[in-house]
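Single-structure report; data block below.
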Amino acid sequence: MSSSPDAASIFGTAIAEHLEVVRQVEAQHPVLEAIAQAMTATLWAGGKILWCGNGGSAGDSQHLASELVGRYRRQRRGMASVALTTDSSALTSIANDYGYEAVFSRQVEALGVAGDLLVGISTSGNSQNVVAALEAARSQGLTTVAFTGAGGGRMAKLADHLFAVASKETARIQEAHILAGHMLCDWIELDCVSGAEREGAVVLQIAAAAQIKGAR
């Protein structure tokens, strides 16, 4: 007869595992900073950020894309970000005609251009449709980012930037992925706001200089 759950075995264990994974994420500051800089460079250059994943990772893709198109914490302009998991007609027609492995790569082929950035999310690092999307992105000149679990799986060799969570537990990996995603949104948003302020200051300086010159 199985024993009933208790708070220590369910809540206590989950919290302890979560905290351990978060502490390991602290060691990946350089990786996250490199990803943040690549994302801001993409957006400032007029490119867009694409996201893809399956199941919970599809949810993360949609969540993080919406944080950029809408807002995370600050008022600012909308940013070009698209989750490749939301168009049911595209997903089902591609799966029907080409197989489920092509549902993301076909969209990358159609929507991605050199200078864009693709984030592929997979806790195993081996989801075939995400692998195919990264392959398509590399062939088209997109920057590639992989969010995975420990080791990175097959996606590790296809990523310009790899954020691999040091865990084999799907739930803990997903928790670290959304934490990292939120931190990236915070960085991008702050960069956007401060950059706009810098541009505004330059415009004001140019206008002031023009007025002074015109008054002479």
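Readers should treat all values here as calculations from the given coordinates under stated rules, not as data from a laboratory. For clarity, every value in this text was computed on a predicted model and none was experimentally measured. No Cβ is skipped: glycine too gets one built from the backbone with ideal geometry, and neighbour counts run over all protein chains shown.
Per-residue 3J(HN,Hα) values for segment 42-58, derived from phi via the Karplus relation 6.51 cos²θ - 1.76 cosθ + 1.60 with θ = phi - 60°, read 4, 5, 5, 7, x, x, 10, 9, 9, 9, 8, x, 10, x, x, 6, 5 Hz in sequence order (x marks Gly and Pro).
Expressed to the nearest 5 percent, the antiparallel share of DSSP beta bridges inside the chain is 0 percent. Out of H29, H63, H161, any idea which swings most in a Gaussian network model of the chain, alpha carbons joined below 10 Å? Greatest mean-square fluctuation among the candidates belongs to H29. Only Lys, Arg, Asp and Glu carry charge here, each on its Cβ (+1 for the first two, -1 for the last two); on that basis the chain has a dipole of about 760 debye about its Cα centre.
Here each label is just a point 7 Å from Cα along the line to Cβ, and for A90 and A34 those points are 2.9 nm apart.
Evaluated with a Cβ-only charge set (Lys, Arg +1; Asp, Glu -1), segment 90-192 carries a dipole of roughly 380 debye about its Cα centre, given to the nearest 20. The slack between S4 and V22, meaning 0.36 nm per residue of separation minus the straight C-alpha distance, is 3.6 nm.
On the basis of the beta-carbon distance and an R0 of 22 Å, V193 and W44 show a calculated FRET efficiency of 0.95. Peptide packing: for 45-55, 124-134, the average count of neighbouring Cβ atoms within 10 Å per residue gives the ranking 124-134, 45-55, highest mean first. Distance between the C-alpha centers of segment 107-134 and segment 1-77? Whole Å please. Distance between centres, Cα-based: 17 Å. Report, in degrees rounded to the nearest 10, the 0 to 90 angle that the Cα long axis of helix 128-139 makes with the longest principal axis of the chain. The two axes meet at around 30 degrees.
How big is the convex hull of the Cα atoms of the chain, per residue, in Å³?
Given the Cα convex hull of the chain, per-residue volume reads 167 Å³.
Select from A65, A146, A171 the residue whose mean-square fluctuation is largest in a Gaussian network model of the chain (Cα-Cα springs shorter than 10 Å). Of A65, A146, A171, the Gaussian network model singles out A171 as fluctuating most. Put in line by how crowded their Cβ is, counting other Cβ atoms within 10 Å and starting with the fewest, T40, T92, T148 read T92, T40, T148.
Tell me the mean residue ellipticity at 222 nm calculated for the chain from its helices only (DSSP H runs of n ≥ 4, each -39500 (n - 2.57), averaged over every residue, nearest 500).
-18500 deg cm²/dmol
For the pair F11 and K168, label points projected 7 Å from Cα toward Cβ lie 2.9 nm apart.
Sorting F11, F147, F163 from the fewest to the most surrounding beta carbons within 10 angstrom yields F11, F163, F147. The amide H of S167, built 1.01 Å from its N in the peptide plane, has A150 as neighbours under 5 Å, considering only residues 5 or more places off or on other chains.
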